[in-house]
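Here's the structure we're looking at; comments come further down.
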Amino acid sequence: QVQLVESGGGLVQAGASLRLACAASGRTFDNYAMAWFRQAPGNERDFVAAITRNGVGTSYADSVKGRFTISRDNAKNTVYLQMNSLKPEDTAVYYCAARDTVVVTAPNLYDYWGQGTQVTVSS
């Protein structure tokens, strides 16, 4: 059992940076692979980035490669998404998710979800 809470979203101008955080509580955090998904109005929930249990392996959607970086601090039970060079098409609700095995990109294979945090990029 894991509870996830996202934070760090907001309204920014194109080209700006944001860092999202996902704080976990409950079952031992370092036993879970973690991921970020996003969903814009009228769209499906799309994979953004994922990180393995030990933080060594990462995976990114093509649309964010070179701009976003996922990381985790297991001592703090927190996963981060550093977002640079933000574009209007990055506007969405961003969700943190967890599963207890290897990284995958399908949202239906994740067991735990946060409530989401809104990211809006203007211009």
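The values are calculated or read from the model by the stated rules, or taken from the named source; none is laboratory data. The structure displayed is predicted, hence computed values, not measured ones. FYI the Cβ positions are ideal-geometry reconstructions off the backbone, even for glycines, and counts take in every protein chain you see. What goes into the accessible areas is simple: the full protein's heavy atoms, side chains included, and nothing from ligands, DNA or RNA. Shrake-Rupley method; radii C 1.70, N 1.55, O 1.52, S 1.80 Å.
Where does each of 11-24, 56-69 land if you order them by average Cβ count within 10 Å, highest first?
11-24, 56-69
Relative to the compact globular guide of 2.2 N^0.38 Å, what is the alpha carbon radius of gyration of the chain, as a ratio? Before the final figure, lay out each step's value.
Values: Rg = 13.3 Å, N = 123, 2.2 N^0.38 = 13.7 Å.
Here the answer is 0.97, to two decimals.
For segment 48-123, which whole-number percentage of the solvent-accessible area (1.4 Å probe, protein heavy atoms only) is attributable to carbon and sulfur atoms? If you can, show how the numbers build up before the last one.
Working: 1710 of 3640 Å².
Exposed carbon and sulfur together represent 47 percent of the surface.
Where does the charge balance sit around Ile70 when Lys and Arg score +1, Asp and Glu -1, over other residues with C-beta under 14 Å from its C-beta?
Overall, the nearby charge balance is +4.
With every protein chain kept in place and ligands, DNA and RNA left out, what is the accessible area per residue of the chain? Probe 1.4 Å, answer in Å².
49 Å²
Which whole-number percent gives the relative contact order of the chain, counting Cα pairs below 8 Å spaced six or more residues apart?
Numbers: 303 pairs, mean separation 44.3, N = 123.
Averaging sequence separation for qualifying contacts and normalising by length gives 36 percent for the chain.
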